[in-house]
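Asker: Here's a structure for you.
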Amino acid sequence: MGWFGGDKGGLVWPLALAVALLTVGPPARAAQPSSARPLALVEAVRLTLANNANISLAQQDVAASQGSLDITRGAFDLTLSSNISQGHVFTPLAQLYRQAYGRTFQTTNTTSFQLGAQKLLRSGLTLQPNVTVSRMHDTLDYPELPASQASVNFAVIVPLLQGLGERAVGAQERAAQYQLEGVRQDYLQAAAANVYTAVADYWSLLEYQTIVTVYADSEQRAAKLLEESTALVEADQLPRSEITNLRANLDLKSAQRLSAASDLSSAQEALANSLGLGDQGFDGPVAVDDFPYQADVESIAGGLATEKFKQMALANRADLKSAKLKEKSANETLVAALDGLKPKLNLTLSAGYSGLSEDEAYSSYYRSLGDGVYGLNAVGSLNLEFPPANTAARGQVAASRAALQQSKIVLTDTQRQVLLGVASAVRELRASAQQVRLAREAVASYQRAVQDERLKLKLGTSTILAVIQVEDQLTSALLNEADARQRLATAVARIRYETGTLITGDPTAARFSVGSITTPPQADGSR
């Protein structure tokens with residue numbers, strides 16, 4: 001019996017196989033686990049912002065930096081102090097007093113109250129008002145009536161070298177403020193970076209879902225071909241040796257589907273990690289949004305202006321803003337360190353008065369603030385403090401200068417990376433758009449090739465192996481198209497990330513739409 005002749009069928013088996021190939025149903029959707037979680041792209045972004053650990057850690061860094069700023073501001077807080085004391089003291093008397101008073105010691109009962117305040121101004125001046133009132137009753141000077149004494153004093157400490165002027169005194173506070181603003185930008189950058197990762201993982205998951213579908217369809221066609229061929233063998237219309245090749249083809253397609261299913265599981269795990277999801281009783285997320293740009297894929301590359309996108313990135317990128325702010329913070333820290341090299345030379349000026357009230361009534365305790373006042377007290381003093389080696393201050397200056405240089409290096413390198421990333425993202429987006437166009441054309445060509453090969457088989461001018469080969473080429477073209485569409489979708493998200501337009505404003509209140517994630521920013525700066 002020959003393949004195309006003989007008295008048992010002639011062209012019967014090729015025609016039967018052609019019918020079998022032509023009656024294979026449309027591509028089947030890959031079966032998803034019943035406990036899988038359908039997930040839209042916008043929901044994936046929101047889950048990332050709400051649950052991603054890296055974003056939460058960056059948010060806590062903001063809270064910690066706010067605390068550091070409050071610590072530095074605490075130096076300018078008003079500080080109140082008070083003290084109440086009660087004393088009973090025995091004092092031995094000298095011989096002269098023993099003879100005069102006829103006793104060997106005196107006893108003194110003292111009640112004292114002190115209230116003070118201190119306030120450092122950002123100019124460097126320190127204000128110190130103080131009020132002290134005491135009531136004393138002893139056996140010598142005030143044996144009959146107690147005496148209440150008061151002292152009111154207001155002091156101003158004027159730094160003449162170290163700590164003089166707002167530039168020096170407020171340097172640490174300004175450094176902490178710039179640091180806080182920089183850390184806030186780090187938080188925004190962490191949000192943008194992790195959202196970009198989540199979007200890329202989402203498109204990667206969709207690609208693997210498509211791959212599983214493609215391999216499942218290929219497996220289905222191979223099974224159908226084997227089934228029909230087996231029937232022909234049983235009818236003695238096909239050599240039995242063909243079954244071995246067809247079984248191997250089916251086994252290969254099944255192995256490819258299982259391998260793709262394993263890769264799909266890994267993609268689900270990667271997306272779950274990006275979203276901050278745990279093992280919550282479902283097999284994994286399932287992407288339900290399709291790839292963008294179903295048609296007119298070339299239009300995406302029409303509005304890409306690299307130089308304008310670079311300017312957009314320089315204006316919007318949070319990591320670049322952070323680097324600039326941290327350079328300012330390091331500069332203020334150096335200002336504070338240089339001030340520490342100066343000696344401490346402080347002029348203290350104080351003025352006040354003293355009062356006295358001698359009355360048994362306890363109200364005299366407070367009347368001493370106004371009774372017995374005879375004049376204004378005034379004191380001036382000059383205090384110098386300076387370590388000759390000043391090792392600690394010199395070390396602080398050296399460390400601060402190094403930190404400033406590091407911040408300048410980081411700023412320069414961040415700007416370099418930002419500009420390089422924008423240029424690379426634009427090239428990638430253009431290439432991806434072209435890849436999608438070519439991949440679609442390849443799929444269309446191989447679909448026609450499959451139809452042609454089936455027709456040739458029907459006419460008896462082709463073979464099963466030729467049909468299998470062109471079917472495999474169609475499968476490869478479909479896989480390449482899925483990869484190209486995934487690359488294009490990810491490239492769009494990347495150009496958003498690189499230009500700093502993926503997330504705008506506070507991530508906790510940000511609003512998203514599919515369009516804001518799946519379309520490039522406009523070259524005119526609109527988002």
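The values are calculated or read from the model by the stated rules, or taken from the named source; none is laboratory data. Computed from a predicted structure; not experimentally measured. With ideal geometry, Cβ positions are generated from the backbone for all residues, glycine too; neighbour counts draw on all protein chains shown.
Asker: Just to check your reading of the model, which residue among 94, 36, 63 is modelled with pLDDT under 90, within 43 Å of the chain's Cα centre (by Cα) and among the aliphatic types (A, V, I, L, M)?
Answerer: After ruling out the rest, the residue left standing is 36.
Asker: Filter region 349-365 for residues that are among the hydroxyl-bearing types (Ser, Thr, Tyr), surrounded by 15 or more Cβ atoms within 10 Å (Cβ to Cβ) and more than 60 Å from the chain's Cα centre (by Cα); which is nearest to residue 154 (Cα to Cα)?
Answerer: It comes out as 354.
Asker: Using the structure shown, decide if residue 376 is out of contact with any Leu (no Cβ under 8 Å at 6 or more places or on another chain), surrounded by 12 or more Cβ atoms within 10 Å (Cβ to Cβ) and among the hydrophobic types (A, V, I, L, M, F, W, C).
Answerer: no
Asker: Let me spell it out: the conditions are (1) hydrophobic (A, V, I, L, M, F, W, C); (2) outside the structural domain of residue 147 (by TED's automatic domain parsing); (3) at pLDDT 95 or above, and residue 431 meets all of them except one. Which number is the exception?
Answerer: That leaves (3) as the condition not met.
Asker: Let me ask something else about it. In region 232-269, what count of residues is obtained for those that are within 39 Å of the chain's Cα centre (by Cα) and not charged (D, E, K, R)?
Answerer: The first filter runs over region 232-269 and keeps only residues within 39 Å of the chain's Cα centre (by Cα), leaving 256-269.
Within this subset, residues satisfying the condition of being not charged (D, E, K, R) are 256, 258-262, 264-268.
Total satisfying the criteria: 11.
Asker: Would you mind telling me which numbered condition in (1) assigned to a helix (DSSP H, G or I); (2) under 46 Å from the mean Cα position of the chain (by Cα); (3) of a type in the set (A, V, I, L, M) residue 389 fails?
Answerer: Evaluating residue 389 over (1) assigned to a helix (DSSP H, G or I); (2) under 46 Å from the mean Cα position of the chain (by Cα); (3) of a type in the set (A, V, I, L, M) leaves (1) as the failure.
Asker: May I ask you to list the residues in region 315-361 that are touching an Asp or Glu at 6+ places or on another chain (Cβ under 7 Å) and farther than 24 Å from residue 174 by Cβ?
Answerer: Residues satisfying the conditions are 355, 356, 357.
Asker: Residue 438 - would you say it is in a helix (DSSP H, G or I), surrounded by fewer than 17 Cβ atoms within 10 Å (Cβ to Cβ) and under 46 Å from the mean Cα position of the chain (by Cα)?
Answerer: yes
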